[in-house]
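Just below is one structure, and these are the notes that go with it.
We did not get these values from a lab; they are worked out from the coordinates using the rules stated. Keep in mind it's a predicted model, so treat the numbers as computed, not measured. So basically every Cβ, Gly included, is an ideal-geometry build from the backbone, and we count neighbours across all protein chains shown.
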2 protein chains.
Amino acid sequence: MNGAEALLKTLVESEVEICFANPGTSEMQLVSAIGQTDAMRPVLCLFEGVVSGAADGYARMADKPAATLLHLGSGFSNSLANMHNARRAGSPIVNIVGDHASYHIQFDAPLTSDLPAITRWGSQWTEIAHSPEELSAAGARAVQASMKGSGQIATVIAPADHAWNEASEAAPALPKAEPLMVAGERVQRIADAISNGKKTVIMLGGMALREDNLAQLGAIADAHDVTLMCATFPTRLQRGAGRAVVQRLPYFAEQAADALEPFEQLILLGTAAPVSFFAYPGKEGWLTPEHCELLTLAEPSEDIDTTVAALLNALDIQDRAKTLHERQIHKVADDSLNPLTIGQIMSNEMPEHAVVSDEGATCGLAMFMCTENAPAHDWLTLTGGAIGQGLPVALGAALACPDRKVIALQADGSAMYTIQALWSMARENVDVTVVLLNNKSYAILNIELARVGAGEPNEKTLSMLDLSRPDMDFASMAKGLGVKASQARSSSEFQVQFAEAMATPGPCLIEAIL
Amino acid sequence: MNGAEALLKTLVESEVEICFANPGTSEMQLVSAIGQTDAMRPVLCLFEGVVSGAADGYARMADKPAATLLHLGSGFSNSLANMHNARRAGSPIVNIVGDHASYHIQFDAPLTSDLPAITRWGSQWTEIAHSPEELSAAGARAVQASMKGSGQIATVIAPADHAWNEASEAAPALPKAEPLMVAGERVQRIADAISNGKKTVIMLGGMALREDNLAQLGAIADAHDVTLMCATFPTRLQRGAGRAVVQRLPYFAEQAADALEPFEQLILLGTAAPVSFFAYPGKEGWLTPEHCELLTLAEPSEDIDTTVAALLNALDIQDRAKTLHERQIHKVADDSLNPLTIGQIMSNEMPEHAVVSDEGATCGLAMFMCTENAPAHDWLTLTGGAIGQGLPVALGAALACPDRKVIALQADGSAMYTIQALWSMARENVDVTVVLLNNKSYAILNIELARVGAGEPNEKTLSMLDLSRPDMDFASMAKGLGVKASQARSSSEFQVQFAEAMATPGPCLIEAIL
């Protein structure tokens, strides 16, 4: 048994079942060890941004880490944008990053870089293995670290010689980290605040947005006239027909400020205090109004399930939420294809328990609003703002939930960051329908350009935000990557194609020409 | 004049003419300032790996920096793999990385990360602007720093408020850094060594591989029976008919060791001592033989032009090289399409002064060998080993040299890292012919798997190195990105398509199905 084989044994014992991989020469023993390990499913991705995004999507749906296999500093750096999103999502991920053999680093060969420094930058936990045995032990510790709090990025650096040399044993799996419990006094203080008659909003994130917690929190909302709101970009929001009503904090700072203006108390549960996504000249970045008291029930790292139960107990509530979204079939507005009609059709046609990966950017909001009356589903968003997350997250979510339909709402500009995900969707034959929203521009930037007070833009300025010249044809790209694709130019065309996609398992792409 | 406008004024005065950009909200004032600056050409790229790779290709051909415009830590991290290659190439690049407004960072908004830390990791020089005036002054210093030695990555962090606030003045351009001169005694010591009758190889890198220096070094080789050799992955090698003969150090460690075995002296000129690309169990990583003395004429950072002239002077040589490559038309071996027949056709058909961006991986070597008898041309390679460099480098080279034909030899696996470059090629209508070598695998890894002693691979292991299931269709992808494309399955088909591409300006892609 070499170090690579010992590591794989430990990972499998630690209940890691899938590895998103883009290996190179320094990972060949790890590739070989994966090949020999029946219980580990390798998923080859053509670019490391797909690897990290897919691991994020998997973690959001499986509530446990996937492994990744990455090639040296360059492979890891390619994964960083979606690693950032995963970190903001609180997703557990276990990265295995191959490095040169330990004695080879001194030679500064072309691919050498300061790997420990960049893994520290991109991970909350990182360890470099100094022997074949340590490689396996580091794997066990990484799985444990990844499950701390709401979830973390844990990275093991695997020097090639420690993968190929003999290991005397494989380390055992480690127990799950103890959850961080919220003290009873804090729960009581929040219960008192909720009962004090002031206008109150509870801002939710992480596990607070799961169905069962929402049903309990909705009962509090019903009983105390409290508003439930989630952060602008939730990791995983369980919503739709039969589920409790949760507002979503708007993206633009002034709209977010308006949404929070009525409240005298803002209670945080599994999320940070709301701030604007960007700064704008003369506008407020801190969004809690001055007249509003900011209270924390639970930090993102603290245990949400027990906290919610304790809060209900403190408030003496035994019910579940009664104010629920109801199933509603939309009348499609007209035959033009736009975010509203797409959202209406989607809401009408999507099956129960679908998973939506939303990187729809400017188009996404209308679809979010229309689908509150869709059958119960999960909504995953761009948690860290680093674009290129939507397609990989859909891939990972589909692999975590093979019995559920996954819908990727994907803007054109951000699709081009990780378009390679389509190929892995085809290879793994996952049940993903990509709705590619082609509006031929970085539309959000056209809006932002006006908002930052950069003056009247000239043609040259606007060209830098424009995605036409040439127009992209995503149906052709999908075909080139092995995914069947169609184009829709009217809502009736989209209706037919989307309904067929919902009825047919396997990957497909519908390019919505807006 | 705001800080962004002042910076643009300074960059233009510093002779920066082009900016490869993928901006976001925090760069809107910079986008607007570029839009107002006639002398700055913006090139929109759909992914930051294209931005950095194109800036590298531009620098290799223009011998001066392009600017890049990148969005926060995530944008910069997406650029890192090709930034690594550029650093290994010794290419000057000036990065402008937008950041949140200085007062907004404290709020830890979703896109916030430790930007100074990652720019230090990815650059040899980095500075954060603390005022609108400093933003422009930092730009001047960055251009100066980028031109130090053989060229460096210089990064300016531009907080959004310092871009949008008023600047009292734009900083003047700074003088070019003084070159680092090699001492006369060192030149004399090397001249003595060359004259001592021992079997000698001069290992060349950087500016030593330019035509004029090679002509002089070739005269030394003629006069003293010295071998000229270049590193495995040269930044820019000027070669072909009428140019001095330079061997290339093989990639695989044992072949490289064989190539160096005969020598008693190894003289470094503008490159580091040769080491193997990766370590392999039981094989040597340090490639200078034990019986061979290692001497340094000039470090990569030292001035090569004056050193070469001084060496000729010390050796009392006035001639130019007489041993030159001769133009030769190849008889195409047969009608099968493979690296040899592609190389033969390419060598026969390519015009004078073409630029070749070689990321052909396992296919590239045969083409390199065939083209030594092609008309004079420049050969650019994957200097840092981080794949995904070939297409962006071709884009940047074409923009630096609008009058020259650029040929991108591109392997399939690495093409998928930065396939987005095709769109910018179409948008800028550059004269690039992409020869896409589709062999449906990470072929190099199949070779490496055997070489690292990972045992007999099973089907599952091999699947992780396989790019079929589904087969990729690069012609469809190119069409989707606005580049006209064709497919060739025989050498006669390739002959027709390649000849037409050489005769027709503008971007096109020939998918060679191998």
Proxy exposure order for A:Lys9, B:Lys283 (fewest C-beta within 10 Å first) is B:Lys283, A:Lys9
antiparallel share of DSSP beta bridges within the protein assembly as shown, to nearest 5, in %, is 10
Other residues with Cβ under 11 Å from the Cβ of A:Glu211 give, with Lys and Arg +1 and Asp and Glu -1, a net charge of +3
Counting only DSSP beta bridges with both partners in the stretch B:184-314, the antiparallel fraction in percent, to the nearest 5, comes to 5
For B:Tyr103, A:Tyr58, B:Tyr280, B:Tyr442, ascending order of other Cβ atoms within 10 Å (fewest first) is B:Tyr103, B:Tyr280, B:Tyr442, A:Tyr58
In this structure, the FRET efficiency calculated for A:Asp212 and A:Val245 from their beta-carbon separation, with R0 = 22 Å, to the nearest 0.05, is 0.90
Computed for the stretch B:339-513: size of charge dipole around the Cα centre, +1 on C-beta of each Lys and Arg, -1 on C-beta of each Asp and Glu, debye to nearest 20, value 300
In debye to the nearest 20, the charge dipole size for the protein assembly as shown, taken about the Cα centre with +1 at each Lys and Arg Cβ and -1 at each Asp and Glu Cβ, equals 900
With the label point 7 Å along the Cα-to-beta-carbon line of B:Glu352 and a cut-off under 17 Å to each amide N, the hits in the stretch B:187-219 are B:211-212
Across 10 Å bins beginning at 0, the whole-percent shares of Cα-Cα pair distances in the stretch A:8-105 come to 17, 50, 29, 3, 0
Full extension between B:Ala450 and B:Asn196 adds, at 0.36 nm per residue less the Cα distance, a length in nm of 87.2 nm
If B:Asp305, B:Asp473 are placed from fewest to most neighbouring beta carbons inside 10 Å, the sequence is B:Asp305, B:Asp473
Of all DSSP beta bridges with both partners in chain B, the antiparallel percent, nearest 5, is 10
Rg from C-alpha atoms of the stretch B:300-424, normalised by the globular rule of thumb 2.2 N^0.38 Å, equals 1.25
Reduced to Cα centres, the span from the stretch B:400-458 to the stretch A:119-171 in Å works out to 32
Per-residue ellipticity at 222 nm attributable to helices in chain A (runs of n ≥ 4 DSSP H, -39500 (n - 2.57) apiece, nearest 500 deg cm²/dmol) works out to -11000 deg cm²/dmol
With the label point 7 Å along the Cα-to-beta-carbon line of B:Glu293 and a cut-off under 14 Å to each amide N, the hits in the stretch B:158-193 are B:186-193
Residues whose built amide H sits under 5 Å from the amide H of A:Gly149, excluding neighbours closer than 5 in sequence, are A:Leu180
Distance in Å, no decimals, from the C-alpha centre of the stretch A:245-297 to the one of the stretch B:49-88 is 37
